[in-house]
Amino acid sequence: MSHRSFRWSALLALLALLFSLPFLALIGLAVQAEQTVWGHLWQTVMPGYLFNSLHLALLVGLGTLLLGVGSGWLVAMYDFPGRRWFEWALLLPLAYPGYIVAMVYMELLDYAGPVQRTLRGWFGWKTPRDYWFPEVASVGGAGVMLTLVLYPYVYLLARTAFQQQAGVLLEASRMLGRSRRSSFWRVGLPLARPAIIVGVSLVLMETLADFGTVQLFAVQTFTTGIYHTWFGTNNPSGAAQLALSLLACVVLLVALERHSRKLQKSQSRNLVVRPFPRRVPARPKQWLAVLACLAPLSLGFLLPSAMLLMWTWQSFARVHLDAFAEDALHSLLLAAFAAGCAVLLGLFLSYGLRLKTQRSLRWVVRLVSLGYAIPGPVVALGVLLPFSWLDREWLNPQLEAWLGWKATYLLSGTVLVLLFAYLVRFLSLAFGTVEAGLNGITPGMDEASRMLGRNSRQTLREIHLPLLRRSILTASLLVFVDVMKELPATLMLRPFNFGTLATRAFGYAAEERLQQASLWCLTIVAFGLVPLVLTNWKMRSASERATAPPSHRLSPVADPAES
Amino acid sequence: MIRCESLFKSYGAVQAVQGVNFEVASQEFIAILGPSGCGKSTLLRLVAGLEEPDAGHLYLRGQEISGPRQLVPPENRRFGMVFQDFALFPHMSVSANIAYGLSGARSEKQARVQELLTLVGLPHLADKMPHMISGGEQQRIAVARALAPRPQLILMDEPFSNLDYQLRVQLRRDIRRILKQEGVAALLVTHDQTEAITFSDRVFLMYAGELVQTGVPEVVYRHPKNLWAASFVGEANFLEVSHASGSPETSLGPLGASGVGSLARRLMVRPEEIRLEVPSRAEDARAVVREVEFSGPVKVVEIEMKDGQRLSVHTSPQSNWNPGEGVTPVLDRYLLFDASGTLLESPTGAAG
């Protein structure tokens, strides 16, 4: 082994250790805890968490399946007024984090909210006992909220699958005497099944990872459970055990997703992608299709946006603009810094992978690429544990001895730990994007550049960086936006009295002062729109063929360990 | 069996099919031949019912299946179709693919699937999945699947273009035999003239959305209707015809005079219709040999005439011409075209 490759390996090993630290800490804590903690959990809260989480997952899974596959099929197969616009607009709800939609509907549909007030006015009801109204703050309510913001995952994957691979096969089916409907059930749907399963498993990962919505609606799930066990009952080992149980579910989902992606790849081989002639249904049916597409779009995007705009307008005079400026600055700085670090590390990892293909290295990459699936509270807990231990056992005594400082918690009490948590969660995103870009640069280009008299550094500067610019930009943007939206890890790890857009908005909402939070919410959503607009632009410029992922979850995160 | 009357189809500004008329008899094999973008695939898809025509009629045994008031959907036309990429359903086994278009009792289906697998010579692949078998095998299975519901007409869209050369020739022969055996009519779309000529009973030559010429391959080859047809089907040499001296002549000398000679502007001659002779005297040579290329069954000799025009000549592989040698080309047969590029009913005479 040469010196250089040894250096690479050493650095990568270090990185691996760093990124596995949170999980090792979780496992360590969970194992070391007394048996009674586990038993106690099972006797008290665990069945409730498990039931609620599964119940929620079932609701959201079915809901997104229905909305996503239905709208995907309509847009892919039929022509109706506004179809081209819906094709993209149906993705818009992705800009909303679940907790913001939840806040809006909470405000709208609450007992004191405008909807119930109006109904009471109309029918002359006086008390809550006079009528029945669905309770928003329930498992069902949370299920609806998450369905509204998560269905685009299923929609996009299903639509692409219907459009791209089934087209010619549906024609073949019809030539063999099957009607449109029969072709959908016998060929279209079975072929899109892997893509749909990928979509639904991504939705389920997001559902299990959701913290804001369920916390707001006071639904006890794993994520809120971790939070309460840790902060409420100050029981880190209990929290760690909950976190590990949740992790196990997530790993199952990841396995399902990867398997389906592979299946999808093997099925779509050597089929020519040809645009499929869309059918123009009769007028009334066209309007039904418009309605079917408009419903999820309005509920998941148009209505909440209108409400937020209105509330921002109404409350603008009362908003603490200096507080907003401070929170926005915090969010921007954190997001920018995290994006920069993630891209640098992503570049480093993908180059390491290009230069060396050892098994150990692939293991590191796989570990990193798992990060995106791990719920925020789990990451937060896993990150905080080792850092606070370091502070307590090592750094604080040292500082006290040397400088006379007392109990500073230099590592665990500052934004450092927050940044690290962001990296654990979002590095895979930067890595996947950069790697996809790097894969476009063939070894032949490197060799040609070297043969034409450039050394490796010049090749990097003159060939690789210009070619990678786009993916580097995309990667930083995606990380940036996701950090802006991130709630639970920020909530759990932020330094004392340090607010971001997300935490402040959530804080307002928890105090039922939502209208004041609307400026914060609006800003987060505006940033969330950026990748979608980018997607739209890409889709138009590179024709329909390139369905660029509007969210990292939709682009297959590279799993080089399998290649 | 199937008749098509002034069929039109456009995509925005692009006129893909412009007033096409034709008729196909039972068990007849037709090749629609044309360059890419000429509208031949669109024509096939209109017949299939996968596209709706803007105007025109289609009749199947006298029954209208496509017209302004009547549009039978593809599934009710009962035509078989073989796609360019075969379009086998990747989630079904080979036998499930073949059985897909069949209805009726399980045992009947099974029997038909077996029969077809035997017909295409692949009975051992019944339980394989499509991605596990080779391109040529996929092709045969696609044909078997299209034939399974016993269609009267089978449509094929560039079915051989995804295969390599040797396989293509072999499969073309096999599939022609299989289709003849099943007694179906076939409509094959291709841009490959060899494929069209060897596969079909009649060729429909298509250019810019219109049928330029239809006929038996040999007739299309020997009597192309215009200059484009002459150059698209087979290899063609062209010479300018001048009337400077009062009678038509080319750089090879005066043409045998006839009634239409005065209208002639271009002369077309196939490479195999030119003989090369050694001039009796060196100064009588009308052309010089420039390049000689041996290509197996023929030797291709390129000659240049005094005015710089070049001709490609097929000679026997045993001939022995060398670059720089003077030769006298003799035309065994040629065709004349008028100023608009249309074939003149000319005598097939000798010149030079």
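Readers should treat all values here as calculations from the given coordinates under stated rules, not as data from a laboratory. In this text the structure is predicted, and so the values were computed from the model without any measurement. Quick reminder, even Gly has a Cβ in these numbers, built from the backbone with ideal geometry, and neighbours come from all protein chains shown.
Taking the 0 to 90 degree range and rounding to the nearest ten, how far is the long axis of helix B:135-147 tilted relative to the main principal axis of chain B, both from C-alpha atoms? It works out to around 60 degrees. Peptide B:85-95 shows a mean partner chain C-beta count of 6 within 10 Å per residue C-beta. Across the range B:112-123, rounded Karplus estimates of 3J(HN,Hα) from the backbone phi angles (6.51 cos²θ - 1.76 cosθ + 1.60, θ = phi - 60°) give 5, 4, 4, 4, 5, 4, 5, 4, 8, x, 10, x Hz, Gly and Pro being marked x. Here A:TRP185 and A:ARG454 are evaluated by their C-beta separation; at R0 = 45 Å the FRET efficiency comes out at 0.20.
Seen through its C-alpha gyration tensor, with square-root eigenvalues sorted a ≥ b ≥ c, chain A comes out oblate because a/c lies at 1.5 or above while a/b is not bigger than b/c.
The calculated P(r) of the range A:191-315, using every Cα pair and 5 Å bins from 0, goes 2, 8, 10, 11, 12, 13, 14, 12, 9, 5, 3, 2, 0 in percent. Spin-label pair B:GLU115-B:HIS223: with each label point 7 Å from Cα along the Cα-Cβ axis, the two points sit 4.2 nm from one another.
Does the range B:217-352 come out rounded, prolate or oblate, given a ≥ b ≥ c as the square roots of the eigenvalues of its C-alpha gyration tensor, rounded meaning a/c under 1.5 and, failing that, prolate meaning a/b above b/c? Oblate shape, in that a/c is at least 1.5 and b/c is the bigger or equal ratio. With a 10 Å cut-off between alpha carbons and a GNM built on chain B, which of B:LEU205, B:LEU46, B:LEU71 moves the most? So, out of B:LEU205, B:LEU46, B:LEU71, the one fluctuating most is B:LEU71.
Of the three principal axes defined by the Cα atoms of chain B, the extents in descending order read 82, 47, 33 Å. If you take every DSSP beta bridge whose two residues both sit in chain B, what share of them, in percent to the nearest 5, is antiparallel? Here the share of antiparallel DSSP bridges comes out near 75 percent.
Let me have the relative contact order for the range B:1-149, percent, based on Cα pairs under 8 Å that are six or more residues apart.
Working: 212 pairs, mean separation 29.9, N = 149.
In percent, rounded to a whole number, it is 20.
Sorting A:TYR96, A:TYR111 by the number of Cβ atoms found within 10 Å of their own Cβ, with the fewest placed first, yields A:TYR111, A:TYR96. Within chain A, the whole DSSP H helices whose Cα atoms reach 20 Å or more along their own axis and whose mean Kyte-Doolittle score is at least 0.5 are A:3-32, A:46-77, A:139-164, A:189-209, A:283-297, A:321-355, A:376-390, A:415-439, A:465-485, A:514-541. In this structure, A:LEU11 and A:MET445 have a Cβ-Cβ separation that, at R0 = 35 Å, corresponds to a calculated FRET efficiency of about 0.90. Spacing of the modelled spin labels on B:ALA282 and B:SER6, each 7 Å from Cα toward Cβ, amounts to 6.7 nm.
Across the alpha-carbon atoms of the range B:174-220, the computed radius of gyration and Dmax are 11.4, 34 angstrom. For the range A:510-531, the residues whose amide N sits under 16 Å from a probe point set 7 Å from the Cα of A:PHE231 along the beta carbon direction are A:510-512. Sorting A:42-53, B:266-277, B:73-84 by their mean Cβ neighbour count within 10 Å, with the most densely packed peptide first, gives B:73-84, B:266-277, A:42-53. Under the simplified labelling scheme, the A:ALA255-B:LYS128 pair shows an inter-label distance of 3.2 nm, with each label point 7 Å from Cα along Cα→Cβ. Name all residues of the range B:265-292 having a backbone nitrogen under 19 Å from the label point set 7 Å from the Cα of B:HIS243 along its Cα→Cβ direction, giving them as ranges. Under 19 Å, as judged by backbone N against the label point of B:HIS243, lie B:265-268 of the range B:265-292.
If a/c stays under 1.5 just call it rounded; otherwise compare a/b with b/c (prolate if a/b is bigger, oblate if not). Do that for the range A:10-158, with a ≥ b ≥ c from the square roots of the Cα gyration tensor eigenvalues. Taking the square roots of the gyration eigenvalues as a ≥ b ≥ c, the range A:10-158 is oblate. Extension gain, A:LYS126 to A:LEU288, is 54.5 nm, computed as 0.36 nm per intervening residue step minus the present C-alpha separation.
Efficiency by 1/(1 + (r/R0)^6): what FRET value for B:GLU64 and B:SER262, r their Cβ-Cβ distance, R0 = 45 Å, to the nearest 0.05? Mind dumping the intermediate values first?
Working: r = 48 Å, r/R0 = 1.06.
Computed FRET efficiency for B:GLU64 and B:SER262: 0.40.
Compared with the dominant Cα axis of chain B, that is its longest principal axis, helix B:165-182 is turned about 60°.
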